[in-house]
Amino acid sequence: MFDSPADVTARLAAVDYLSDDAISTSVFLAAALGKPLLVEGPAGVGKTQLAKAVAMATGAELIRLQCYEGLDEARALYEWNYKKQLLRIQATSADDDIFSEEFLLERPLLKAIRAAEPTVLLIDETDKADVEVEGLLLELLSDFQVTIPELGTIVATRRPYVVLTSNATRELSEALKRRCLYLHLEYPTPERERDIVLSQVPGIRADLAERLARTVATLRALELKKAPSVAETVDWANTLLALGREELDEATVSGTLGVVLKHASDQTRAVKELGLPDVADR
Amino acid sequence: MSLIDRHVGFVQALREAGLPVSVAEGLDAAQALRVIQLSDRESLRAAYAATLVKKPAYRPGFDVLFDLWFPASTSGMHTQRTDRPLDLETAPVEELRDHLTRLLTGGTDQELREFAQAMVGRFGRQPTTSPGRQNWFSYSVMRALSPETLMARVLQNVLQGQERGGLAEKNVRRRVYDSTRRFEDAVATDVRRRIAEDSGIERIARSAVRPPLDQIDFLRITKADLARLRREVYPLARRLATRLTIRQRKGRRGRLDFRRTMRASLQSGGVPLTTHFRPPRPHRPELVILCDTSDSVSSFAHFTLLLTYALREQFSKVRAFGFVDTVDEITRFFVPGADVVEAMTRLANEADMVRFGRTNYGHSLERFAERYGDAVGPKTSLLILGDARSNYQPPALDVLSSLVARSRHAYWLNPEPTTQWDTGDSVASEYGTVVPMHECRNVAQLTAFIETLA
């Protein structure tokens, strides 16, 4: 898929994803070793975006499985088309085989396994799913096959590129982690964040983007309930652009704080710590 | 040392430092070495990290060992750069400090590292009396350059007439602070490298790695660790909340709604094509937390209060009580959305938990049962946090067992190692017969406790 980590960097940059050494190497290794890539880190550092960018850069189809509490086999892997089976039984004799391809409903995991075209399988927010789902993933991720009792084992015709994301609200099992390469994404350095803003918001001046990135870094260093994500930095840049502000002075920051801080207590704290004019005065 | 020896030694050192590196992962790393450019050091570091380090808490230790096993440079191979206006070997200290000031605000990592190496070479060696002793030190470098006193100079250079005290200054301070940390790290790394060159990697490796964050003892925690721990607490509280909820959940989809299913089947001539389920009713567990806030467990208490605060946001009904020798409800300080640091300060000033200042579990339990006994009911989970050291006062076991009998679940988390239970004034085992008691000395153990709840 990729020639080298440098190739990854270049091709991700072509689809507007700025990576760094760690990201490029991990993405490259996942492709070269044929292992799934587990991306962990706080919300809004671009984990899901990374999977999308890989799909876009390689021209692969993106299949996404969004995990949530209570996700089960039927929603993740496959399900039998109960209605169709019932109608078939009524229409024909009862001993007709109702467990065959035509009654099978594909769900994301099975679809990714059976795809003939290059695919990127994104298993989003794996930590939200219950422990049983992890068990389900183990067979899939180590051997790239699934076993359906009525049909037998289905082996991947072409290994999908698998990206798992997690916010680490729950520790994933050792067994799962062992099968994956691990990439911990942190908030980008101010320099990288400035470049991200510049690439995402074309109209912005470089020095304003720089100041924006520095201010966001300062905000993240406060003890906030929810630190600003990269997407919110970009939103902030867009906001400033829309307002026609050229400078990021205290009044502007205090007036637009709601774009990056989404808790009242966080805003109060930022106003206090940064010595901004009171929110009530604006 | 050949590459394979280096690889094996490195993996071994990681294991010795407490990182669980399995054989399969070691093989993955070796596989990775075959496909990447070994000459690119950062890519080598990333490859090892991706295959061997699966938890952020292990990362600092990994980086220390990586720098030892795969050093960025070796002594005696310095490329002399002649274009440098400043001769790092001979320049007066003031000029060096000026140079550092510039690096702290605008230097790249590479420049900072090179400067750190040169400075260690110049200031880091200290004469020692006994031969064979490690004689490289980072404190002498720090003392010579004292980067933390440079802040005023930096502010003056960068702000240049801008208003002081505002956002701009905050940003600059943040940046300088970060670069100073990076510089310190670079110096420490280079010192370790030089020691390793003198006396062997294995010797220094053992002493260089601090235990990972999740294995640091609650009772011996430093302030800096506490700040980092706060970030770990929120996810844990959320996890604990889900665990307690899941336990009470009956079916995943809810029960079959027979009436709706039958009615829908009329459409298809009595064949139940679509099944309807009653929506699952999420049970909202109630939680009562009793925590020891005395001085003997102050850092643990600080941590448990944080946990309480975090839990408060996850549960619909949490009541928290703090006690030393008498008990007070502290729920009111943890209003959702309130600032945690502020809440702690108010708590310390206003709550009525101390009468004589010596922990008395028995009295506190009695007072609790008397004043707030109705807080515990059949839907409540009772969580007690404390070291069970009661200053030789009667433990009031009967009061506790009646409380436990009334609650749905009860758990006791004790921050002391099991070996110290029942020594001195500890009555851990006696309480342990009434409430299951778990040793909980670090985040790893707290996590494990939460996992066993399901």
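In the stretch B:203-215, is there at least one residue being within 30 Å of A:GLU273 (Cβ to Cβ) and assigned to a helix (DSSP H, G or I)?
Scanning the stretch B:203-215, I find at least one residue that is within 30 Å of A:GLU273 (Cβ to Cβ) and assigned to a helix (DSSP H, G or I), so the answer is yes.
Looking only at the stretch B:380-402, which residues are of a type in the set (S, T, N, Q) and either crowded, with 22+ Cβ neighbours inside 10 Å or under 26 Å from B:ASN442 (Cα atoms) (or both)?
B:THR380, B:SER381, B:SER390, B:ASN391
Out of the residues in the stretch B:241-278 that are in a helix (DSSP H, G or I) and within 11 Å of chain A (Cβ to nearest Cβ), state the one that is modelled with the highest pLDDT.
B:SER265
Report yes if some residue within the stretch A:227-240 is under 24 Å from the mean Cα position of the chain (by Cα), within 11 Å of chain B (Cβ to nearest Cβ) and either over 26 Å from B:ARG230 (Cα atoms) or touching a residue at least 60 places away in the same chain (Cβ under 8 Å) (or both); otherwise report no.
Looking through the stretch A:227-240, at least one residue is under 24 Å from the mean Cα position of the chain (by Cα), within 11 Å of chain B (Cβ to nearest Cβ) and either over 26 Å from B:ARG230 (Cα atoms) or touching a residue at least 60 places away in the same chain (Cβ under 8 Å) (or both).
Would you say A:THR252 is within 11 Å of chain B (Cβ to nearest Cβ), under 21 Å from A:ARG205 (Cβ atoms) and assigned to a helix (DSSP H, G or I)?
When the stated conditions are applied, A:THR252 passes them.
Checking A:ARG170 against (1) without any contact (Cβ under 8 Å) to a residue 24 or more places away in the chain; (2) of a type in the set (D, E, K, R); (3) assigned to a loop (DSSP other than H, G, I, E, B): exactly one of these is not met. Which one?
Here A:ARG170 meets the rest and fails (1).
Let me spell it out: the conditions are (1) assigned to a helix (DSSP H, G or I); (2) in contact with a Leu (Cβ under 6 Å, 6 or more places away or on another chain), and B:PHE449 meets all of them except one. Which number is the exception?
Status for B:PHE449: all satisfied but (2).
Could you identify the single residue in A:ALA221, A:ALA213 that is within 14 Å of chain B (Cβ to nearest Cβ), farther than 21 Å from A:ALA32 by Cα and touching a Pro at 6+ places or on another chain (Cβ under 6 Å)?
Within the list A:ALA221, A:ALA213, the selection yields A:ALA213.
Looking at the stretch B:3-54 only, could you name the residues that are at the interface with another protein chain (Cβ under 8 Å from one of its Cβ atoms) and not in a helix (DSSP H, G or I)?
B:PRO20, B:SER22, B:ILE36, B:GLN37, B:ASP40, B:VAL53, B:LYS54
Go through (1) within 13 Å of chain B (Cβ to nearest Cβ); (2) at positive phi one by one and return the number of the condition A:ASP207 breaks.
Looking at each condition in turn, A:ASP207 falls short on (2).
What is the one condition in (1) within 14 Å of chain A (Cβ to nearest Cβ); (2) surrounded by fewer than 17 Cβ atoms within 10 Å (Cβ to Cβ) that B:PRO212 does not satisfy?
Of (1) within 14 Å of chain A (Cβ to nearest Cβ); (2) surrounded by fewer than 17 Cβ atoms within 10 Å (Cβ to Cβ), only one is false for B:PRO212: (2).
Looking at (1) in a helix (DSSP H, G or I); (2) buried (at least 17 other Cβ atoms within 10 Å of the Cβ); (3) at pLDDT below 90, find the lone condition where A:GLY44 falls short.
Checking A:GLY44 against (1) in a helix (DSSP H, G or I); (2) buried (at least 17 other Cβ atoms within 10 Å of the Cβ); (3) at pLDDT below 90, the one that fails is (1).
Out of the residues in the stretch B:416-454 meeting the condition of being among the hydrophobic types (A, V, I, L, M, F, W, C) and away from chain A (no Cβ under 14 Å), tell me which one is farthest from B:PRO378 (Cα to Cα).
So, considering only residues that are among the hydrophobic types (A, V, I, L, M, F, W, C) and away from chain A (no Cβ under 14 Å), the one farthest from B:PRO378 (Cα to Cα) is B:TRP421.
Search the stretch A:1-33 for residues being of a type in the set (Asp, Glu), within 11 Å of another protein chain (Cβ to nearest Cβ) and in contact with a helix residue (DSSP H, G or I) (Cβ under 8 Å, 6 or more places away or on another chain), and hand back the single one that is farthest from A:MET56 (Cα to Cα).
A:ASP21
When the residues of the stretch A:104-137 are narrowed to those that are within 14 Å of chain B (Cβ to nearest Cβ) and β-branched (Val, Ile, Thr), which ends up nearest to A:CYS180 (Cα to Cα)?
A:THR126
Filter the stretch A:47-89 down to the residues that are out of contact with any helix residue (DSSP H, G or I) (no Cβ under 6 Å at 6 or more places or on another chain), farther than 19 Å from A:SER166 by Cα and assigned to a strand (DSSP E or B) and list them by number.
Residues satisfying the conditions are A:GLU61, A:GLU79.
Inside the stretch A:190-219, can you point out the residues that are within 23 Å of A:THR25 (Cα to Cα), without any contact (Cβ under 8 Å) to a residue 40 or more places away in the chain and either acidic (Asp, Glu) or surrounded by fewer than 20 Cβ atoms within 10 Å (Cβ to Cβ) (or both)?
A:GLU191
The values are calculated or read from the model by the stated rules, or taken from the named source; none is laboratory data. Keep in mind the model is a prediction, meaning the values are calculated, not measured. With ideal geometry, Cβ positions are generated from the backbone for all residues, glycine too; neighbour counts draw on all protein chains shown.
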